[in-house]
Amino acid sequence: FDKIDISPASLGYEGEAAGNTFAGNASISDCASCSGGKKAGNLYQGASVQFNDIVVPEEGAYDLTFAYISGDPRSADVSVNGGPAQTILFASTADWNTVGTQTITVTLAAGTNTLLFSDGGSYAPDLDRIIVSPGTG
């Protein structure tokens, strides 16, 4: 095969998934508007959620869409495979019950990747899920 495609075209990973690693205050709570009815929250004072099993078929640029909840503008640090973190500013959603999305582009390795979503020393938004799709360049 010359080209490997993600099938389906995008893959979702829940913030509350059992395979994730929670550190600090990070915890799972109910969220009526979230996929799966749960979210990862309490991301402050050194808290983080690490997604441990993000699997893609080939190395390259991928769009990473965060479905998040934040009643006010907040930032979070995002690190792939233990690399340097990039600070992402998340705009406020309508309230603490409304899910918004924000997309960034990251480079993932072929096979299994980790993604660390951390508070960056402040207060980060609550995280419903992330969606990985082929990068749009």
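Summary of values
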read-out	value
Within segment 81-97, tally of residues that are surrounded by 15 or more Cβ atoms within 10 Å (Cβ to Cβ) and more than 15 Å from the chain's Cα centre (by Cα)	3
Filter result for GLN50 (at pLDDT below 95 and either farther than 17 Å from LEU11 by Cα or open to solvent by 40 Å² or more (accessible area, probe 1.4 Å) (or both))	no
Subset of segment 106-130 [in contact with a Ser or Thr (Cβ under 8 Å, 6 or more places away or on another chain) and at pLDDT 95 or above]	LEU115, LEU116, PHE117, SER118, ASP119, ALA124, PRO125, ASP126, ASP128, ARG129, ILE130
Of all residues in segment 98-130 being part of a loop (DSSP other than H, G, I, E, B) and among the aliphatic types (A, V, I, L, M), the one that is surrounded by the most Cβ atoms within 10 Å (Cβ to Cβ)	ALA124
In segment 28-47, the residues that are in a strand (DSSP E or B) and open to solvent by 40 Å² or more (accessible area, probe 1.4 Å)	ILE28, SER29, ASP30, LYS38, TYR44
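The values are calculated or read from the model by the stated rules, or taken from the named source; none is laboratory data. Here the structure is a predicted model, which is why all the values come from computation and not from measurement. All Cβ positions, even for glycine, are placed from backbone atoms using ideal geometry, and neighbour counts span all protein chains on display. The protein model used for the area step is the full one, side chains on, heavy atoms only, and it has no ligands, DNA or RNA in it. Shrake-Rupley method; radii C 1.70, N 1.55, O 1.52, S 1.80 Å.
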